[in-house]
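Novice: Sending over a structure as structure tokens; questions will come in a sec.
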């Protein structure tokens with residue numbers, strides 16, 4: 001099993017030139033997701049127009065797999081009805097978990113990540129963007145959002161504070 | 001025993017480690033992840049195999065021959081470990097790892113002795129195993145967890161330590177060797193200062209026992225924890241050693257079999273130390289394996305093991321330092337650090353670095369190394385860490401350097 005199977009050219013291309021990067025202006029919903037194993041994190045911003053994905057962006061910090069998968073995700077979901085985009089998310093999840101035959105039509109460029117399924121540690125990296133999208137889309141379709149809330153941050157900040165506790169005060 | 005000045009015969013040492021003959025992805029294994037877990041010599045594997053094939057029985061219970069043999073082997077291993085780390089056998093407790101050793105102290109000592117307003121002093125470079133147990137007990141007692149900061153030179157800020165130590169400080173929990181930076185902390189000096197304000201000191205010696213042979217008596221600390229699997233022994237056995245009188249005064253951590261003297265329905269009197277702290281059937285084969293690992297290390301001599309690691313680490317610092325865009329996190333002087341080098345390579349994520357190296361059979365660790373507060377302090381999400389042990393060679397460092405060149409070309 002060679003590196004080229006894992007790091008397909010499409011993946012390296014999206015890693016080097018991520019599509020729809022950064023925070024989304026006028027996002028309807030923003031969610032922050034983490035991969036606690038490696039510290040990867042990203043914010044997915046989403047705006048719907050009726051039931052269609054009108055805008056999507058990812059502000060990602062992480063490895064090539066997580067960044068590229070999130071970048072591909074934004075291209076895949078843009079302009080699609082939410083229901084169809086969620087079907088894509090599910091197709092990608094099944095690809096990563098090796099469940100059934102890949103649905104290449106739904107997956108689009110996502111099929112390039114097929115080799116990742118053989119590296120269990122990296123599967124979480126590849127899924128990070130899609131899981132965040134699923135979270136954001138479900139919230140947006142359910143009418144949540146607006147304001148400055150970034151879903152997923154509050155809980156983490158508590159954990160971060162607990163983890164660093166008084167360590168910051170230790171510098172006084 | 002050979003004189004301490006004779007260098008380690010690394011080729012002979014490597015011959016004792018069957019796993020080093022393995023090929024990974026078509027290449028000879030280059031194992032540079034010993035800080036996560038060491039590989040095991042056949043002497044350890046044989047001791048464990050022999051235990052299960054010939055002596056297996058439950059310990060401290062039966063009168064039959066096998067039970068006596070198993071008990072003897074288990075207690076003999078305790079004696080070896082105790083002598084290795086300068087503790088009394090009575091104050092040498094088998095746990096399952098360092099996390100359990102720290103939890104034992106946090107709960108059995110901390111829960112009963114900490115009050116609201118008391119302070120637990122840790123450092124910014126602690127592994128989560130020497131941080132989270134204190135947070136849990138702080139939450140239950142109202143004590144505060146404070147931390148000694150890390151300087152820009154990747155050392156503990158000892159001036160800040162003096163400012164933090166005070167009458168509220170009840171215990172100082174400090175790593176003897178950072179698992180990320182490699183920093184060797186001046187634990188004996190820290191212990192002197194902590195004792196001057198009446199605080200106890202716990203040393204997390206997960207890295208320092210296997211790689212520097214530190215001891216409870218020479219460090220002058222009250223508690224010291226280490227784990228077998230990083231010291232050529234098996235997973236599943238760790239050790240807490242302590243000053244005997246401290247342990248004597250402590251109530252149990254976990255309840256169950258073995259740790260009792262007498263039990264009635266509503267009350268129990270405790271067994272003597274160390275068994276008071278070893279509830280339930282212990283990992284006997286693992287303890288026996290650790291005893292064999294200690295024998296192996298002592299036959300070579302810890303000073304020679306350390307000298308070899310200093311050589312390999314010094315070579316690694318030099319070679320890695322020559323790579324463009326590679327940043328090393330840790331003290332620059334090899335005398336102040338253990339056998340590991342954490343680094344980042346440009347903005348290539350450590351997971352990608354490790355993945356490409358793995359394709360060439362090179363095993364390194366990538367991630368936050370269970371030290372997230374430290375990584376936050378360093379301003380990085382993750383690092384790549386190459387770590388060495390008595391079987392590591394400069395040829396393996398060369399393989400790593402060649403692998404990193406490939407990583408750069410791949411993601412460039």
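Novice: When the helices in chain B are scored as -39500 (n - 2.57) per DSSP H run of 4 or longer and the sum is shared across all residues, what 222 nm value do you end up with, to the nearest 500 deg cm²/dmol?
Specialist: When only DSSP H runs of four or more count, the value is -11000 deg cm²/dmol.
Novice: Across the Cα atoms of the stretch B:37-165, what radius of gyration and what greatest pairwise Cα-Cα distance (Dmax) are found, in Å?
Specialist: Considering the stretch B:37-165 through its Cα atoms, Rg and Dmax are 20.2, 60 Å.
Novice: Another question, if that's okay. Once every Cα of chain A carries one equal point scatterer and solvent is ignored, give the base-10 log of I(q)/I(0) from the Debye formula at q = 0.10 Å⁻¹, two decimals.
Specialist: -0.38
Novice: What is the gain in length, in nm to one decimal, between residue B:20 and residue B:83 on full extension, counting 0.36 nm per residue of separation less the C-alpha to C-alpha distance?
Specialist: 19.7 nm
Novice: Using bins 10 angstrom wide from zero, how does P(r) for the stretch B:270-411 break down, in % of all Cα pairs?
Specialist: Each 10 Å bin holds this share of Cα pairs: 10, 32, 27, 19, 9, 2, 0.
Novice: To one decimal place, what Kirkwood hydrodynamic radius in Å is obtained for chain B from all pairs of distinct Cα atoms?
Specialist: About 22.1 Å for chain B.
Novice: A further question follows. Quick one: P(r) of the stretch B:91-147 from all Cα-Cα pairs, 5 Å bins, percents rounded to integers, in order of increasing distance.
Specialist: Values per bin, smallest distances first: 5, 21, 30, 24, 15, 6, 1.
Novice: Tell me the relative contact order for the stretch B:45-298 as a rounded percent, counting alpha carbon contacts under 8 Å between residues six or more apart.
Specialist: On the way: 509 pairs, mean separation 61.8, N = 254.
After rounding, I find 24 percent.
Novice: For the stretch B:225-303, just say rounded, prolate or oblate: build the C-alpha gyration tensor, square-root its eigenvalues into a ≥ b ≥ c, call rounded for a/c under 1.5, and beyond that prolate if a/b exceeds b/c, oblate if not.
Specialist: Working: a/c = 3.38, a/b = 2.07, b/c = 1.63.
Prolate shape, in that a/c is at least 1.5 and a/b is the bigger ratio.
Novice: How big is the C-alpha Rg of the stretch A:26-125 next to the rule-of-thumb value 2.2 N^0.38 Å, as a ratio?
Specialist: Cα-based Rg divided by the globular estimate yields 1.06.
Novice: For the stretch A:65-137 and the stretch B:178-214, write down the distance between their C-alpha centroids in whole Å.
Specialist: 47
Novice: Let me ask another. Where Rh is the Kirkwood radius over the Cα pairs of the stretch A:1-83, the temperature 4 °C and the viscosity 1.567 mPa s, what D in µm²/s does Stokes-Einstein return? Write out the running numbers ahead of the final one.
Specialist: On the way: Rh = 13.4 Å.
The diffusion coefficient I find is 97 µm²/s.
Novice: In the protein assembly as shown, what percentage of the DSSP-assigned beta bridges are antiparallel, given to the nearest 5? Let's see the in-between values first.
Specialist: Working: 46 of 68 bridges.
Of the beta bridges lying entirely in the protein assembly as shown, close to 70 percent run antiparallel.
Novice: Express in whole angstrom the spacing between the alpha-carbon centres of the stretch B:245-261 and the stretch A:24-49.
Specialist: With the stretch B:245-261 and the stretch A:24-49 each reduced to a Cα centre, they are spaced 49 Å.
Novice: Next question, about the same structure. Counting just the Cα atoms, what span does the stretch B:1-104 cover along each of its three principal axes? Round to the nearest Å and put the largest first.
Specialist: Principal axes ranked by extent give 51, 35, 32 Å for the Cα atoms.
Novice: Taking the Cα centroid of the stretch B:343-412 and of the stretch B:77-93, what is the distance between the two, rounded to the nearest whole Å?
Specialist: Centre-to-centre (Cα) distance: 36 Å.
Novice: Which of rounded, prolate or oblate describes the stretch B:1-62 when judged by the alpha-carbon gyration tensor and an a/c cut-off of 1.5?
Specialist: Verdict is oblate for the stretch B:1-62.
Novice: Quote the Stokes-Einstein diffusion coefficient, in whole µm² s⁻¹, for the protein assembly as shown, based on the Kirkwood radius over alpha carbon pairs, a temperature of 4 °C and a viscosity of 1.567 mPa s.
Specialist: Details: Rh = 26.0 Å.
It diffuses with D of about 50 µm²/s by this estimate.
Novice: What number results when the radius of gyration of the stretch B:76-231, computed over Cα atoms, is divided by 2.2 N^0.38 Å?
Specialist: 0.97
Bear in mind these aren't lab numbers, they're just calculated from the coordinates by the rules spelled out. If you're wondering where the values come from, they're calculated on a predicted model, not measured in any experiment.
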